[in-house]
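This report refers to the structure that appears directly beneath it.
The values are calculated or read from the model by the stated rules, or taken from the named source; none is laboratory data. Just so we're clear, the structure is a prediction, and the values are computed from it rather than from any experiment. Here the Cβ is made from the backbone with ideal geometry for all residues, glycine too, and neighbour counts use every protein chain on show.
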Amino acid sequence: MEKLEAALAKAREMRKSTGGTLQSQHAPVTPKAIPVGDWSSLPEVKLTPARMQRNRITAVLGGKNATPYDMLRSRTIRLMREKDWNRLAVTSPGAACGKTTVSFNLALSLSRQKDLRVMLFDLDLRRPALHRVSGLVPPHSFHEVLDGRVSFEEQAVRIGENLILAMNATACRNPAELLQASRTGEILDEIERTWHPDVMLFDMSPMLASDDNVGFLGNVDCALLIAAAERTTLPNIDICEKELAQLTNVLGIVLNKCRYADKLVGYSYDSYS
């Protein structure tokens, strides 16, 4: 009886010292949790200048080479603010139009405005490319967040103070089903409520390659269609624009990969020249 009373007294003391929770002395030590919603708590990653130049990511530092993306940023923000929108999908009619390059450059250009908090999600789950373009391989894929295997804060990384990347290290086995699931919309809503981004960018799969976008684009406010000069046909642009208009609001069409750019654009006002 005395031993039992002694054990109970010891248990009461342990509960007091642990805030009312009795813990085993042999329980594994859990790592310190990342404060949910605190952007500064996410792991910060650095971009390699040489790789960025090689992959045409020119909006990192600004200047003349970033002018097209800065102009796209300004027009995008103006239109989205007028409509009180904050979710933008970026897609293309087919592959190799440069939508990931445009998405990443636009996100970086937006993040140079320090009053904006920006998130970029790789939702081209069949052929994820953001990790290759950035040179950053995440420990987990964002599609694992969508199917409930890991939390967002375990997967996301941060560039600077106000840009979060949600990338994929591998392709997803069931992208259409995952993107069209109601749980995907709920997870995005929860991310928005918790982390309070000003702009959420989604790098989507090409429109004519699969049905991945059909069930997902209802989760965004608007979309940009990226067409490749001398590659994307006018009929394909017309088809995709009409389909996009049925699924969400069309913010605009961007003509990418032009070989004959206007050399005067940004020249007179370039403070870095």
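In the range 75-120, what residues are polar (S, T, N, Q), part of a helix (DSSP H, G or I) and within 30 Å of Pro235 (Cβ to Cβ)?
Step one: filter the range 75-120 for residues polar (S, T, N, Q), giving 76, 86, 91-92, 100-101, 103, 105, 109, 111, 113.
Next, from what is left, pick out any that are part of a helix (DSSP H, G or I): 76, 100-101, 103, 105, 109, 111.
Once the filter is applied, which keeps residues that are polar (S, T, N, Q), part of a helix (DSSP H, G or I) and within 30 Å of Pro235 (Cβ to Cβ), the range 75-120 yields Thr76, Thr100, Thr101, Ser103, Asn105.
Determine which member of the set Leu163, Leu108, Leu72, Leu123 is at pLDDT 95 or above and in contact with a Ser or Thr (Cβ under 7 Å, 6 or more places away or on another chain).
Only one candidate qualifies: Leu163.
Can you work out which of the residues in the range 193-236 that are acidic (Asp, Glu) and touching a residue at least 60 places away in the same chain (Cβ under 8 Å) is nearest to Thr91 (Cα to Cα)?
Restricting attention to the range 193-236, the residues satisfying the condition of being acidic (Asp, Glu) are 198, 203, 211-212, 221, 230.
Subsequent filtering for residues that are touching a residue at least 60 places away in the same chain (Cβ under 8 Å) retains 198, 203, 212, 221.
Working: Asp198: 20, Asp203: 7, Asp212: 11, Asp221: 14 Å.
It comes out as Asp203.
Out of all the residues in the range 164-186, which are under 25 Å from Asp84 (Cα atoms), assigned to a helix (DSSP H, G or I), of a type outside the set (Val, Ile, Thr) and in contact with a helix residue (DSSP H, G or I) (Cβ under 7 Å, 6 or more places away or on another chain)? Can you show your working first?
Going through the range 164-186, the residues under 25 Å from Asp84 (Cα atoms) turn out to be 164-166, 179-180, 182-186.
Next, from what is left, pick out any that are assigned to a helix (DSSP H, G or I): 179-180, 182-186.
From what's left, of a type outside the set (Val, Ile, Thr): 179-180, 182-183, 185-186.
Correct list: Gly185 only.
Do the conditions hold for Val250, that is, is it among the aliphatic types (A, V, I, L, M) and modelled with pLDDT under 95? Give the steps one after another, and end with the answer.
Values: among the aliphatic types (A, V, I, L, M): yes; modelled with pLDDT under 95: no.
Taking the combined requirement at face value, the residue does not satisfy it.
Just one of the numbered conditions (1) in contact with a helix residue (DSSP H, G or I) (Cβ under 9 Å, 6 or more places away or on another chain); (2) outside any loop (DSSP other than H, G, I, E, B) is not true of Leu125; which one?
(2)
Cβ-Cβ below 9 Å, separation at least six or inter-chain, first residue in the range 161-189 and without any contact (Cβ under 8 Å) to a residue 12 or more places away in the chain and of a type in the set (Asp, Glu), second assigned to a loop (DSSP other than H, G, I, E, B) and crowded, with 17+ Cβ neighbours inside 10 Å: which pairs?
Glu177/Gly215
Mind checking which residues of the range 187-241 are among the β-branched types (Val, Ile, Thr) and part of a helix (DSSP H, G or I)?
Kept after step one, since they are among the β-branched types (Val, Ile, Thr), are these residues of the range 187-241: 187, 191, 194, 199, 214, 220, 226, 232-233, 237, 239.
Within the range 187-241, Ile187, Ile191, Thr194, Ile237, Ile239 qualify.
Test each condition in (1) within 11 Å of Asn105 (Cβ to Cβ); (2) surrounded by fewer than 18 Cβ atoms within 10 Å (Cβ to Cβ); (3) of a type in the set (D, E, K, R) for Glu44 and report the one that comes out false.
(1)
Within the group Ala209, Ala169, Ala228, Ala156, which residue is in contact with a Phe, Trp or Tyr (Cβ under 9 Å, 6 or more places away or on another chain) and of a type in the set (Gly, Ala, Ser)?
On the way: Ala209 fails: in contact with a Phe, Trp or Tyr (Cβ under 9 Å, 6 or more places away or on another chain); Ala169 fails: in contact with a Phe, Trp or Tyr (Cβ under 9 Å, 6 or more places away or on another chain); Ala228 fails: in contact with a Phe, Trp or Tyr (Cβ under 9 Å, 6 or more places away or on another chain).
Just a single option satisfies the conditions, and that option is Ala156.
What is the residue count in the range 134-155 for residues that are under 20 Å from Arg112 (Cβ atoms) and either crowded, with 23+ Cβ neighbours inside 10 Å or modelled with pLDDT of 95 or more (or both)?
1
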